[in-house]
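The values are calculated or read from the model by the stated rules, or taken from the named source; none is laboratory data. All values derive from a computational prediction rather than experimental measurement. Glycine also receives a Cβ, built like all others from the backbone with ideal geometry; neighbour counts cover every protein chain displayed.
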Amino acid sequence: MLADIVIFGFNRPDSLANLLSSLSGCSLADESNVHVFIDGPRNDSDKASIDIIKMSIVKNFFTCFASLNIVYRQKNLGLAKSLRDGIDNLFEKNDRLIVLEDDLILSENFIVYMNQALNFYEGEPSIGSISGFTTSICKPLDYPFDTYFHPRPCSWGWATWKNKWGKCDWNYKPDNFFESLILRKKSSLAGQDVYRMYRNQQLGTINSWAIMWTIHHLRNNLLTVYPYQSMVRNDGFSTLGTHCKGINPFPTNFKSDRNHSFCFNNRLVIERETLKAVNYFHSNFYKLLFRLKLV
């Protein structure tokens, strides 16, 4: 059985239309159940954009999938609450989900890859999630697999299982100083920015479901499966983006590929060079170079 697909959107009808168009072009799209949650408006401008989604966008895609269910929120929940509430609701009747936001473009083989990975790693207690996105990194020579492992989950086209999602403590705080030190050390393995974002979450300066999902992975020694060839591109870096503005700092080797045969690794070992390559894009040094337009 294929995993249901859930999309979270808000006030960007063009972005949602582009995502639904790329999703409908994926192999197995016509066999997949799709759920769309549209967050409620904050103002009249948001309401006008959501009305366009209602009247002009989603009606074009009802015949593209096995089913298409749309939920329009009456109030604005914000992405973190809308996403958690929507996933919790769908996991009442599903044991796995593929999760998308409305600023993504997908490869033709995205649904195939995600379902194959979900099936392959379903019984593996050390795998917390599957990512369809990767930054542009080189696969090691003579490495026979199409995927790699990283301790940091990704929010740009991902999937997980009910039992992994249900164990996440969204309000976690270290009980003591030593627990804080352990968390800080583990966070460094996932990127130089992780602990800083977690502290900002605790201080209330950000409201991110993704950082707490990351902390859940780190605390429980869970890994995320990434493809070496990205099947997701994020087009959401614009003035309309709530969390992503400006220019996308993460280079990707995305292309729409028709390869439907993937070689997954059942030996759960993090490749040191791959870890170093990925973490470079989350380092303070890279972010400085990016701001100075030197990369």
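Observations on the model:
- Within the stretch 155-175, residues that are over 20 Å from Asn119 (Cβ atoms) sit with their Cβ atoms under 8 Å from residues that are hydroxyl-bearing (Ser, Thr, Tyr) and surrounded by 20 or more Cβ atoms within 10 Å (Cβ to Cβ), at 6+ positions apart or across chains, in these pairs: Trp156/Ser131.
Results for (1) at pLDDT below 95; (2) in contact with a helix residue (DSSP H, G or I) (Cβ under 9 Å, 6 or more places away or on another chain); (3) under 15 Å from Val99 (Cα atoms); (4) assigned to a loop (DSSP other than H, G, I, E, B), shown as yes or no for each residue.
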site: Trp156; (1), (2), (3), (4): no, no, yes, yes
site: Lys164; (1), (2), (3), (4): no, yes, yes, no
site: Leu183; (1), (2), (3), (4): no, yes, no, no
site: Met197; (1), (2), (3), (4): no, yes, no, no
site: Gln201; (1), (2), (3), (4): no, yes, no, no
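The rows are residues; the columns are (1) buried (at least 19 other Cβ atoms within 10 Å of the Cβ); (2) free of Cβ contacts under 8 Å to residues at least 24 places away in the same chain.
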residue: Val34; (1), (2): yes, no
residue: Ala48; (1), (2): no, yes
residue: Thr63; (1), (2): no, yes
residue: Ala66; (1), (2): no, no
residue: Ile70; (1), (2): no, no
residue: Ser82; (1), (2): yes, no
residue: Lys93; (1), (2): no, yes
residue: Glu101; (1), (2): yes, no
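- Consider the stretch 90-142 and keep the residues that are part of a helix (DSSP H, G or I) and of a type in the set (S, T, N, Q). The one that is nearest to Ser15 (Cα to Cα) is Asn115.
- Look at (1) surrounded by 15 or more Cβ atoms within 10 Å (Cβ to Cβ); (2) within 18 Å of Tyr121 (Cβ to Cβ); (3) within 18 Å of the chain's Cα centre (by Cα) and you find that Asn265 fails only one, number (3).
- Each residue in the stretch 1-11 was checked for being assigned to a loop (DSSP other than H, G, I, E, B) and surrounded by 21 or more Cβ atoms within 10 Å (Cβ to Cβ), and 3 of them qualify.
Conditions tested, residue by residue: (1) under 24 Å from Gly132 (Cα atoms); (2) in a strand (DSSP E or B).
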position: Ser15; (1), (2): yes, no
position: Asp46; (1), (2): no, no
position: Ile52; (1), (2): no, no
position: Ile57; (1), (2): no, no
position: Phe65; (1), (2): yes, no
position: Val71; (1), (2): no, yes
position: Asn76; (1), (2): no, no
position: Ala80; (1), (2): yes, no
position: Asp88; (1), (2): yes, no
